[in-house]
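No lab work stands behind these numbers, since they all come straight from the coordinates. Being a predicted model, the structure only gives us computed values, none of them experimental. Here the Cβ is made from the backbone with ideal geometry for all residues, glycine too, and neighbour counts use every protein chain on show.
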Amino acid sequence: MDGDFLLLHRMQNGDDQAIESFVRKYYPKIMRYCHLHIKDSGFTEDLTQETFARFFRTLHQYQHYGKAANYLYVIAGNLCRDYYRKPEELPMEELPEHPVCLMESLDLRMDVHMALEHLPQELREVTILYFFQEVRQKEIARILGISLPLVKYRIKRAKELLTIYLGKENFE
Amino acid sequence: MKALFRFDVICDESKIQKTIAVSKEAFLSEESEQTVSHIEFLYQQCKFIKKRWWLMQGLLLAFVCFLINNSETDFTVRRILGLTGPLFVILIYPEIWKNRSYDALEIECTTFYTLRSIYAARLTLFAWVDMALLSAFYTVATLLSRVTLWEMLTQFMLPFNVTCCICFRTLYSKRINSQALSLLLCVLWAGAWSVLVLNDAVFRAISVPAWVSLLAASVFFMGYTLYRGQRKWQTIMEVKPLWI
């Protein structure tokens, strides 16, 4: 039994405090996830809000098998998917002014974002979950509904491409 | 290298507060619509089930009671019970398969309740009614002093369970979308079972632990099939969309 189990049980019984704790716990993760998909920071907040709204709309049907975060990622991923249909170049002024990124340097940060943008969609999804959100490979397979070997292959391929894009010798 | 991907977001407190408020509102508005209790939901679903198949099952068991009461040997009782098990399941087949046969899954998927809830309710109803019918049957058969619990388990429940396994496995199958094929498999199984129980030498060669193992395996597999079906109900939808 994980920490979310009791929290979810309390939420399903309509405990306001539990709902607040849950949102506060996962809000940054989901916002970061949406932010990596969506360039517009204002829209990122809207998507994050909608992710939680959708989650709570289906809470009475929700069955806790593993991590609630995985289900949130699935919802957020679906919401972000529409955005993929409208590819556009990332204007420099829109690079994360907010949310604030604490990376090594602005240049490197921009490089990583640009590299991420150039990855094929299926590799980008895995990259965001694995490298940025630090989700385990097995859980990524569950979130995306693909097999574990395919996740491993995509991570490997993403590493290769990112190595090329970032001009690094060894990505490990 | 991990530091390259590590970045935090600064979340606006007012946005978090708004998200909390929206979440509570979404939860409460959805909860207010969930006014139907489990029993009410079962009652609703019961109205969609044709009761004539249950009546047929009841009549079959009554007829079997009559037959075993008038049968002279244990061999005949065994044969009757062995054939009744699969037939008892086959009678409810059209009702269990109705949703797939009529391509109703896509329609049901757009309804208020999930396909999973609908199937769970229907299977629960089938299980309750069958349990009641079989309990009544066993009570009467015992009163007639013709069937022991052991015979009931090995001669009736085992072929019954295996037929249920075939039914549910094919019902929740991605590849098989034919009630006729599923029925054919059940009939083949009934035939194979008859050959087995009618051969006294083979029948006697099967020891008690073997019967227990077979029964346990059939119960386990039926449970697994139902569990798998409930978990993977979405994949059934992908098999044969109406628009293709």
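Normalised by the number of residues in region B:37-236, the average gap of Cα pairs under 8 Å and 6 or more apart makes the relative contact order 30 percent. When only Cα pairs below 8 angstrom with a gap of at least 6 residues are kept, region B:125-222 shows a relative contact order of 33 percent.
Cβ-to-Cβ counts within 10 Å put A:Met114, B:Met152, A:Met11 in ascending order as A:Met114, B:Met152, A:Met11, the fewest first. What the Cβ-Cβ distance of B:Arg204 and A:Arg136 gives, at R0 = 41 Å and to the nearest 0.05, is a FRET efficiency of 0.15.
Each residue, B:Phe48 and A:Gln12, gets one label point 7 Å from its Cα in the Cβ direction; the gap between the two is 2.3 nm.
The slack between B:Ala21 and B:Ser194, meaning 0.36 nm per residue of separation minus the straight C-alpha distance, is 55.8 nm.
Could you work out how far apart the two model spin labels at B:Leu215 and B:Asp12 are, taking each label as a point 7 Å from the Cα in the direction of the beta carbon, and quote it in nm? Modelled inter-label distance: 6.7 nm. Taking 0.36 nm per residue of separation and subtracting the Cα-Cα distance, full extension of the segment from B:Leu123 to B:Lys98 would add 7.7 nm. Among the GluC sites (Glu not before Pro) within region B:15-74, which fall in a DSSP loop and have no more than 16 other Cβ atoms within 10 Å of their own Cβ? The qualifying sites are B:Glu72.
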